[in-house]
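The values are calculated or read from the model by the stated rules, or taken from the named source; none is laboratory data. Computed from a predicted model, the values in this text were never measured in an experiment. Methodologically, a virtual Cβ is constructed for each residue, glycine included, from the backbone with ideal geometry; neighbour enumeration extends over all protein chains shown. When the accessible area is computed, the model is the full protein with side chains, heavy atoms only, and any ligands, DNA or RNA have been set aside. Shrake-Rupley method; radii C 1.70, N 1.55, O 1.52, S 1.80 Å.
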Amino acid sequence: MKEFALKGDIVFTSSMEEFSVHSSAYLVVEHGTVAGIYDVLPEKYKDLVVYDKGNALILPGFVDLHTHAPQFNQIGCGMDDELLSWLSEYTFPEERRFEDPDYARELYGAFVDTLAVCGTTRSVLFATIHKHGCELLVELLKNKGLSAYVGKVNMDTNAPDFLTEDTEQSLRDTEALIEHWKGGALVKPIITPRFAPTSTRRLLKGLGDIALKYRLPVQSHLSENRGEIAWIAELFPEHDAYYKVYEHYHLFGDTPTLMAHCVHLTDEEIAHLAKVDVMPVHCPDSNLNLTSGLMPARRMLNQGVRIGLGSDVGAGHAIFMPQVIVRAIQVSKMYAMQHPKDKALTLPEAFYMATKGGGQFFGKVGSFEPGYAADMLVIKTPSYKDRLSVVERLQYFIYHGDTSDISERYVAGKRIDSCEAYL
Ligand code: GUN
Ligand code: FE
């Protein structure tokens, strides 16, 4: 792959504490990864192609660790409901439509284009139960050049007939897709029981066995809503905590694991998450829209938990990760007002969660330290902002920017072209 450098105002977070800023510097890319950042290019790079972006910001691509591709067309619908009625009245009927390959192609196409437009270079996705739709989503992501984990959703109980799978068929379809996708470099499979309430014990066991057999990561939902947690106690009385249902079936930390939401966890549960290194994915818009609760991010960080951020579209209404970053900070401020010991998140902390923090799930992703994937965004800020510092222009972009400020996107050193906005 060709070597080149981008020149501009480079900003990233190698740690949560602060931004690393390199003004008017060169970001050198070799073989799709970051070779180094230089104020002056060393002699060995004297023939390197340099793309000079002036004072544009050069940021890592955003990482969305939890979103539902098939819910793209229901953004904003049913937001006066809470989780369980919202699922049955809006989400399940919408996901049913993905039986139809034409609908799946149209909607997934729009969704994938929007991810690219938003600068979400890496994402972890729920699809639906439908095998063919999953295949289409993977094909579209690959064609676009984006990186993702794609989960065929499994659900075999407590759902309408049209979304209730035969357990053995569900496991067979999952394994067939894995066999088909497992060699992928940028797009890979992830085991995806929707959540414990829509899973029989047999399904959970089968999925845990597949995760272990192929050493695949796992994603699901955990402790989002109080009604959901009460339902778990009825459905799985043999376990005295929600997470133990997953853990019993090797779906909680035996392989890398993401659990969306984690709003209502006890301190003991949080300590356990830290111990087994399961990553909660904080989806602040979704938690507000469905009146689920405020995720205690600071309490989790204090206990050593690694947190990622997710848009959770369609329960969340914004795919553009800067908005999710802002909402995570705002939610933590609301939480801090009620719990003064738990300080609000800072911008570097939330930015880290949406770049290097979430990027860890993909390997060396989300930072510009040497050896990291060259996932880069070029951001133009208005010329009247030129008197501001680099960090102030970044703050402006995160709080007030939109997709039209992103002029270029790269995944593993390769430019993503033809970004058409559907926003
Ligand atoms: N829990 C189970 N399924 C879903 C879903 O589609 N969205 C959200 N927010 N929570 C869920
Ligand atoms: Fe979700």
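Couple of notes before you dig in:
- Trypsin sites (Lys or Arg not before Pro) within the range 48-116, DSSP loop, no more than 16 other Cβ atoms inside 10 Å: none
- Rolling a 1.4 Å probe over the heavy atoms of the protein chains gives the chain an accessible area of 38 Å² per residue.
- 15 Å Cα-Cα reach of LYS333 towards aspartates and glutamates, excluding residues that sit fewer than 8 places from it in its own chain: ASP285, ASP342, GLU349
- Rolling a 1.4 Å probe over the protein heavy atoms leaves GLU268 with an accessible area of roughly 140 Å².
- Across the range 70-170, the convex hull enclosing all Cα atoms gives 100 Å³ per residue.
- Unit Cα scatterers, Debye sum, the range 223-362: log10 I(q)/I(0) for q = 0.18 Å⁻¹: -1.04
- Within the range 209-290, trypsin sites (Lys or Arg not before Pro) in DSSP loop having at most 11 other beta-carbon neighbours inside 10 Å: ARG215
- Cβ-defined net charge surrounding ASN225, 13 Å radius [Lys, Arg +1; Asp, Glu -1]: -4
- Convex hull volume per residue in cubic angstrom - Cα atoms of the range 1-117: 172 Å³
- When only alpha carbons are used to place a centre, the range 67-138 and the range 306-358 end up 22 Å from one another.
- DSSP-loop GluC sites (Glu not before Pro) across the range 70-119, with at most 15 other Cβ within 10 angstrom: none
- The range 162-217 and the range 7-49 have Cα centres lying 40 Å from one another.
- Net charge, ASP342 excluded, C-beta distance under 15 Å - Lys, Arg +1, Asp, Glu -1: +3
- Set of lysines with alpha-carbon distance to LYS53 below 29 Å, sequence-local pairs under 8 removed: LYS2, LYS7, LYS44, LYS142, LYS144, LYS356, LYS364, LYS380, LYS385, LYS414
- Of ALA69, ALA354, ALA35, the residue with the greatest mean-square motion in the GNM of the chain, using alpha carbon springs below 10 Å, is ALA35.
- Computed extension length for GLU106-TYR399: 102.4 nm, one decimal, from 0.36 nm per residue of separation with the Cα-Cα distance subtracted.
- Within straight-line reach of LYS244, meaning a Cα separation under 20 Å, sit the following lysines at least 8 residues removed in sequence or on another chain: LYS205, LYS275.
- For the chain, the share of accessible area belonging to carbon and sulfur comes to 49 percent (1.4 Å probe, ligands and nucleic acids excluded).
- Computed E for VAL49/LYS364 - FRET, C-beta separation, R0 22 angstrom, nearest 0.05: 0.40
- Potential lengthening between SER88 and SER20 on full extension [0.36 nm per residue; Cα-Cα distance subtracted]: 20.0 nm
- Shape call, the chain: gyration tensor on alpha carbons, a/c limit 1.5: prolate
- Charge context of THR13, other residues only, Cβ under 10 angstrom, K/R +1, D/E -1: -2
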